[in-house]
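Single-structure report; data block below.
The values are calculated or read from the model by the stated rules, or taken from the named source; none is laboratory data. In this text, all values refer to a predicted model and were calculated from it rather than measured experimentally. Heads up, the Cβs are rebuilt from the backbone with ideal geometry, glycines too, and the neighbour counts pull from every protein chain shown.
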Amino acid sequence: SSFGRLLRGAGAGQSARGGEREREVVRGGSTRASRRGKTGLVFSPRPLSGKSGKMNQLKGISKLLVANRGEIACRVMKTARRLGVPTVAVYSKADEFAKHVTYADEAFLIGEAAAKDSYLRKDRIIDVALRSGATHIHPGYGFLSENTGFAHDCATNNIKFVGPPASAIQAMGDKIESKVIMEKAKVPLVPGYHGSDQSLERLVQGCKEIGFPVLVKAALGGGGKGMKIATSEADCVDAIQSAQREALSSFGDQRVLLEKYVGQPRHIEVQLVADTHGNVLHFYERDCSVQRRHQKIIEEAPAFGISENFRNAIHKAAIDSARAVGYENAGTVEFLVDADTWEFYFMEMNTRLQVEHPVSESITGVDLVELQLRVASGEALPFKQEDVKCNGHAVEVRLYAENPNNDFLPATGKLSRLQVPRETREFELTDAVRVDSGVREGDTVTDYYDPMIAKMITRGEDRGAAIAEMQKALGELQIADLPNNVSFLQTIMKHDKFLEGDIETNFIPKYEKDLFPGGETFLADNSLKSAIAVALKCKLEAPAGDLEAQAGGPWGALD
C-alpha cells in the first residue's frame, strides 16, 4: 500500500506492516519498551523537492523534539520523518498511549495529566531535549508556542526554537506593544486607546473619545478571554473592570486596551513565512469569520469576494508587520475587516503555526512545516513571491467533542467510532479530502486538553466546489459515543448566507434561529449510522449477553 511504502521510506528504527508500525518507545530516558500502534491520520503536502521527486532531506537538524500533543504533533512529525529527521515526543500520564507517542521515534514522560504539570513545564521539556540529543524544538500551537521564556530558554541551552526570536514573540504577544509598533510601521489600526495610563478614569475617558460601542480587550488576551463590550457610558465601568479581572486571572496582567467595536466584521488573516536572510513571503489569506465563543470553527482560503486591490493591500500590510518586528519563521497577521466599508485593521500577529494552516497548504501546494524546519536550519526560502500560486479554494472544519446545544460545552469519553470518508487519502495533497487527527478510534477524549477530534479539509476548483466536497465528507463522517459538532457544521454548510459568502464573526448568533431550530438536539444521520456500526461490530466481537459491556453502555447523547 502507499501507506506501507511511505513508512518504509521513513527514518531508522521504524518498520511498516500494513497499516501499523513497530518502534522503540523511550520512557523517561531510562527504560525501553516495544509497542505496536496505529499511526492514524496524518498528512504531508507537496515536498519542496526537485523535479526528480527525490526527497530533499534536511542536514541542519539532527533530531527534532515536538513540544506538543495531538494532531499538530503528528502533523509536524510526519514532515520531519519525510525529511529524514528523527523525532522525540513528550507526553503526560493521560497521554501514555496517545497517537503522537506511538508516532515518534522516542517518547518521554514529562508529568501528570494537567498541562501545568506537563506540556507547560519548560524545564522538563528542555531537559528531555538535552538528554535525547534534540537539536531543535518545534512548539506546535498552544501550550508554549508563544512563550517568550521558553524561546529564550531554548537559545540559552543551544537548542534551536522552530519559530520566531523571543523578542518578536514578546512584542506581538502584548497587544498594547504590538499596536505601538504597527502604528510606527503605518499598518492600519482600529481607532482606539492603547496608552500606558491604565487608570479607570483614563479608560472611561478613552471610551467616550472613541464612541460607543467599545471593545475592551486584555493586553495579553487570546481566545476571547478578557474581552468585553461596552455599549454605553452606563455599562462602561463594569465592562472595563470585568475585563481587567478576567485578564488578571487568566494572564496575570490586568492591562487592557480599547477599540472601536466593528459591528459586522470579517476576520481575514494572512499566512507568512520569513527566513533569516531578509525574505518575507505571503501564502495568501484565510477567512476565519465563522466562530463560536470567539474561536474559529470554519476556515477557508482564499478569502471570498474581495478585490485584487484589497488582496494586494492586505498582503502588503501583513509583510510590513513582519518586517517591523524582525520576524522569522511562520506566522499569521490577523485583520478585522469592516464588511460595509472594506477598511481593514490590524488585530494581532500569531507568532506560530496556526491551527488552520492546512487550507493555505491546500491552495498553494506548499508544506509550511517543511518551510519552518528549513528556515530554522538556516536555509533561505527556496522561491520568490511570484512563484507562490493560488490554486482553487479550500475549506476546513474543526471537529470537536462538544455539545452545540449546550453553549458548546466540551464533551469527554471514549471515541467508539471514528470513520472518515472513504475517499480520504492520508498522505496525498491531490485528493479532495484531507483529515488531520490526533486521536484514533478507541481513544478517550479527556477534559485536560482541547476537545478537538480532527480537522477536515476539502479543496475544489472554486468555493462552491470546495463546500460541496465538505458537505459530502461531513455526510460520510462517522463519530460515535461522544457529543460532537458534525451536525452543526452540516447545518452551517447548507445555510443560504454561508453559501453566498455573506459571513462575518457574528454569523452564528445572527442566524441562531436557523442554526438551532426550536432548540432541538442535533442528531444527524451520520451519528445514527455510527451507532449502528459500533453496535454491529460489538455484537460480532462480544460474548452472548455482553453487548452493552462491550459497546460502552447505552447510546444516549449522540450528536
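Restricting attention to the range 149-184, the residues that are touching a Leu at 6+ places or on another chain (Cβ under 7 Å), among the aliphatic types (A, V, I, L, M) and over 19 Å from His138 (Cα atoms) total 2. Scanning the range 250-293 for residues that are among the small types (Gly, Ala, Ser) and more than 19 Å from Val190 (Cα to Cα) turns up Ser250, Gly252, Ala274, Gly278. The lone criterion from (1) surrounded by 17 or more Cβ atoms within 10 Å (Cβ to Cβ); (2) more than 17 Å from Met182 (Cβ to Cβ) left unmet by Glu348 is number (2). In the range 365-381, is there at least one residue being closer than 25 Å to Phe488 by Cβ and surrounded by fewer than 22 Cβ atoms within 10 Å (Cβ to Cβ)? Looking for residues that are closer than 25 Å to Phe488 by Cβ and surrounded by fewer than 22 Cβ atoms within 10 Å (Cβ to Cβ), one finds none in the range 365-381, hence no. Collect the residues in the range 488-513 that are touching a residue at least 12 places away in the same chain (Cβ under 8 Å) and in a helix (DSSP H, G or I), keeping them in residue-number order. Hits for the range 488-513 are Phe488, Leu489, Gln490, Thr491, Ile492, Met493, Lys497, Phe498, Leu499, Phe507, Ile508. Can you tell me which residue is nearest to Ala134 (Cα to Cα) among those in the range 162-181 that are modelled with pLDDT of 95 or more and in a loop (DSSP other than H, G, I, E, B)? Only one residue fits best here, namely Val162. Of all residues in the range 299-339, those being under 29 Å from Met493 (Cα atoms) and either outside any strand (DSSP E or B) or over 22 Å from the mean Cα position of the chain (by Cα) (or both) number 15. Among the residues of the range 235-253, not a single one is of a type in the set (S, T, N, Q), at pLDDT 95 or above and not in a helix (DSSP H, G or I).
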